[in-house]
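For reference, the structure is listed below as structure tokens.
The values are calculated or read from the model by the stated rules, or taken from the named source; none is laboratory data. All values reported here derive from a predicted model rather than from experimental measurement. When we count neighbours, we look across all protein chains shown, and the Cβ atoms used for this are built from the backbone with ideal geometry, even at glycine.
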Amino acid sequence: MAITSQLRADHIRTITMDVPPVNALPVEGWFDLAAALDAASADPETHVVILRAEGRGFNAGVDIKQMQNTEGFEALIGANKGCFAAFKAVYECAVPVIAAVHGFCLGGGVGLVGNADCVIASDDAYFGVPEVKQGALGAATHMARLVPQHLMRTLYFTARTIPASQLVQFGSVLEVVPRDRLDEAALAVAGEIAAHDTRVIRAAKEALNGIDPIDVNKSYRFEQGFTMELNLAGVSDEHRDRFAGTSKAGG
């Protein structure tokens with residue numbers, strides 16, 4: 001379980017999240033994911049990465065119960081830094097990252113997928129940033145890479161989700177396939193990429209990041225500042241306590 005990484009003979013590396021029950025990653029999980037991606041980036045035998053998951057859905061964001069069951073701000077700060085590290089590792093991975101998404105992709109999951117180079121989804125996949133329900137902000141930077149600006153704002157303010165089938169029209173999801181064909185579809189695209197000279201592909205990845213109109217790392221870090229303000233004001237605790245069924249007030 002947790003984060004695993006496997007290199008195939010065809011130079012395709014699969015990195016899998018498996019953190020039951022819903023792939024809501026604890027602090028260490030985000031750092032482990034970042035480390036796996038950084039290791040793949042540094043490995044010349046890795047020509048392309050498929051980021052996938054086992055279980056009910058791709059990723060449900062941070063482990064809110066861990067945050068609420070930890071005294072002080074250690075878990076909150078850890079989650080912020082861990083998410084930043086994982087999102088950054090996807091974006092700055094020296095080889096293309098293909099996200100193979102099934103089921104729910106929420107909050108931090110959108111952060112991962114929004115920074116990926118290619119997204120393939122199963123027909124049961126859906127995406128959302130329900131941060132406002134938890135008294136937090138974040139991942140608007142990444143949702144804006146999946147949908148047009150006004151739709152992103154509507155999804156953000158309402159905490160609505162959007163099915164993968166609707167993202168195909170925007171070009172952010174390459175294709176939607178039956179759940180049992182998701183890995184096959186991701187491997188097919190990965191195979192096309194892996195067949196090219198990895199030196200050229202690595203140069204292409206760096207070049208494309210260099211001409212990106214938005215600095216995703218700075219943009220997301222800016223969002224995180226508002227999350228910290230909401231936490232210091234006590235707003236976030238109220239919402240997370242309600243979600244986790246706990247109370248730090250002793251009442």
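Scanning region 125-147 for residues that are assigned to a loop (DSSP other than H, G, I, E, B) and either more than 21 Å from ILE214 (Cα to Cα) or hydrophobic (A, V, I, L, M, F, W, C) (or both) yields a total of 9.
Just one of (1) more than 21 Å from GLU223 (Cβ to Cβ); (2) out of contact with any strand residue (DSSP E or B) (no Cβ under 7 Å at 6 or more places or on another chain); (3) not in a helix (DSSP H, G or I) fails for GLU184. It is (3). Residues in region 53-85 that are in contact with a strand residue (DSSP E or B) (Cβ under 8 Å, 6 or more places away or on another chain) and among the aliphatic types (A, V, I, L, M): ALA53, ALA60, VAL62, ALA79. Would you confirm, using the coordinates I've provided, whether ASN209 is touching a residue at least 12 places away in the same chain (Cβ under 8 Å) and under 26 Å from GLN149 (Cα atoms)? Against the criterion (touching a residue at least 12 places away in the same chain (Cβ under 8 Å) and under 26 Å from GLN149 (Cα atoms)), ASN209 qualifies. Given the criteria surrounded by 15 or more Cβ atoms within 10 Å (Cβ to Cβ), in contact with a helix residue (DSSP H, G or I) (Cβ under 7 Å, 6 or more places away or on another chain) and within 16 Å of GLY57 (Cβ to Cβ), does ALA144 qualify? It is false that ALA144 is surrounded by 15 or more Cβ atoms within 10 Å (Cβ to Cβ), in contact with a helix residue (DSSP H, G or I) (Cβ under 7 Å, 6 or more places away or on another chain) and within 16 Å of GLY57 (Cβ to Cβ). Taking the criterion of being within 11 Å of the chain's Cα centre (by Cα) and farther than 24 Å from ALA125 by Cβ, the only residue of region 64-84 that qualifies is PHE84. Residues satisfying the criterion are present in region 217-236 (criterion: aromatic (Phe, Trp, Tyr), out of contact with any helix residue (DSSP H, G or I) (no Cβ under 6 Å at 6 or more places or on another chain) and over 29 Å from GLY103 (Cβ atoms)). The set of residues from region 157-192 being under 23 Å from GLU54 (Cβ atoms) and either among the basic types (Lys, Arg) or touching a helix residue (DSSP H, G or I) at 6+ places or on another chain (Cβ under 6 Å) (or both) comprises VAL173, VAL176, VAL177, ARG179, ARG181. For ALA53, the criteria (1) out of contact with any His (no Cβ under 9 Å at 6 or more places or on another chain); (2) closer than 28 Å to ALA204 by Cα hold in every case but one, which is (1). Entry remark, region 150-178: residues being of a type in the set (A, V, I, L, M, F, W, C), surrounded by fewer than 15 Cβ atoms within 10 Å (Cβ to Cβ) and touching a Gly at 6+ places or on another chain (Cβ under 8 Å) number 1 in total. Counting only residues that are within 10 Å of ALA40 (Cβ to Cβ) and out of contact with any Asp or Glu (no Cβ under 7 Å at 6 or more places or on another chain), region 1-13 holds 2 of them.
Considering region 190-251, the qualifying helices (runs of 4 or more DSSP H), each wholly inside and each with 2 or more residues that are under 25 Å from LYS81 (Cα atoms) and modelled with pLDDT under 95, run over 216-232, 235-244. Yes or no: PHE157 under 26 Å from ALA203 (Cα atoms) and in a helix (DSSP H, G or I)? No; evaluated as a whole, the condition is false for this residue.
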